[in-house]
1. Out of the residues in segment 38-51 meeting the condition of being assigned to a strand (DSSP E or B) and exposed (fewer than 15 other Cβ atoms within 10 Å of the Cβ), tell me which one is modelled with the highest pLDDT.
2. Take the conditions surrounded by 19 or more Cβ atoms within 10 Å (Cβ to Cβ) and not basic (Lys, Arg) and apply them to residue 159. Does it pass?
3. Suppose we filter segment 90-122 for residues that are part of a loop (DSSP other than H, G, I, E, B), exposed (fewer than 12 other Cβ atoms within 10 Å of the Cβ) and under 20 Å from the mean Cα position of the chain (by Cα); how many remain?
4. Just the residues that are over 17 Å from the mean Cα position of the chain (by Cα) and of a type in the set (Asp, Glu), please, taken from segment 1-54.
5. Among the residues in segment 123-140, are any more than 13 Å from the chain's Cα centre (by Cα), of a type in the set (S, T, N, Q) and part of a strand (DSSP E or B)?
6. What tally of residues in segment 85-137 results from selecting those that are modelled with pLDDT under 90 and within 18 Å of residue 9 (Cα to Cα)?
7. Only one of these conditions is not met by residue 165: (1) under 26 Å from residue 35 (Cβ atoms); (2) of a type in the set (Val, Ile, Thr); (3) in a strand (DSSP E or B). Which number is it?
8. Identify, by number, the condition in (1) free of Cβ contacts under 8 Å to residues at least 60 places away in the same chain; (2) under 25 Å from residue 153 (Cβ atoms); (3) in a strand (DSSP E or B); (4) not polar (S, T, N, Q) that residue 7 doesn't meet.
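The values are calculated or read from the model by the stated rules, or taken from the named source; none is laboratory data. The structure presented is a predicted model; accordingly, all values stated were derived computationally and were not measured. Backbone-built Cβ (ideal geometry, glycine too); neighbour counts: all protein chains shown.
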Amino acid sequence: MRDYYLLTEDRRISRKVQPTGLPLEEGIEALLPVTVLEVRSEGSLTYPDWLDRPLYMLSDRMKSITAKYNLGIHWKRVDLIDRQQNDRNVYWIMQVPPVDALSAGSEFHQNGALKRMVLDYEKVKRHHFFSVQGILEPYIVVSLDAAESFLRRGLTGFVLQKVEIESGRQT
């Protein structure tokens, strides 16, 4: 049985770029094919490969790998411009199709927030990079194969947290 991981932001990175000015209310569909955002910096900033705020954003390098693991992702390009440093970095906002991935062993708080995630292996075994359907939180889950691809290439900005898995088979 393959392992799966939550892909979360690495909060240990200091001076990380914080894009602002995205129209979040309308969603990714409202964005132009290419959006340009100015980044205000006082000194040098770190541009990791994974950003999860204000929306999930991937560097060009990470996008090229991710696109191979999920052909159904909808992408919009965002150019981050730092005029003070005369720098431009290309990122990609993604809309990941959700997968009905949770097993009956998952637990929820009274307000509907996820308390304990348990994936049903039979539901996820053909997926390598997906969002989880039916929860409030916008979690992204990756297979061991995808995680190893990211790590082999030295991509930054994320932490991998192992997710519990149930076989999903009825006995």
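1. Taking segment 38-51 first, the residues assigned to a strand (DSSP E or B) are 38, 46, 50-51.
Keeping just the survivors that are exposed (fewer than 15 other Cβ atoms within 10 Å of the Cβ) gives 38, 46.
Values: 38: 85, 46: 90.
Taking the candidates together, the pick is 46.
2. Values: surrounded by 19 or more Cβ atoms within 10 Å (Cβ to Cβ): no; not basic (Lys, Arg): yes.
Taking the combined requirement at face value, the residue does not satisfy it.
3. Of segment 90-122, the ones part of a loop (DSSP other than H, G, I, E, B) are 96-97, 100-101, 103-106, 109-113, 117.
From what is left, the residues that are exposed (fewer than 12 other Cβ atoms within 10 Å of the Cβ) are 100, 104, 109-113.
Going one step further and asking which of them are under 20 Å from the mean Cα position of the chain (by Cα), we end up with 100, 113.
Final tally of qualifying residues: 2.
4. Once the filter is applied, which keeps residues that are over 17 Å from the mean Cα position of the chain (by Cα) and of a type in the set (Asp, Glu), segment 1-54 yields 3, 25, 26, 29, 38, 42.
5. Within segment 123-140 (the criterion being more than 13 Å from the chain's Cα centre (by Cα), of a type in the set (S, T, N, Q) and part of a strand (DSSP E or B)), the answer is no, since none of the residues qualifies.
6. Number of matching residues: 2.
7. (1)
8. Of the numbered conditions (1) free of Cβ contacts under 8 Å to residues at least 60 places away in the same chain; (2) under 25 Å from residue 153 (Cβ atoms); (3) in a strand (DSSP E or B); (4) not polar (S, T, N, Q), the odd one out for residue 7 is (1).
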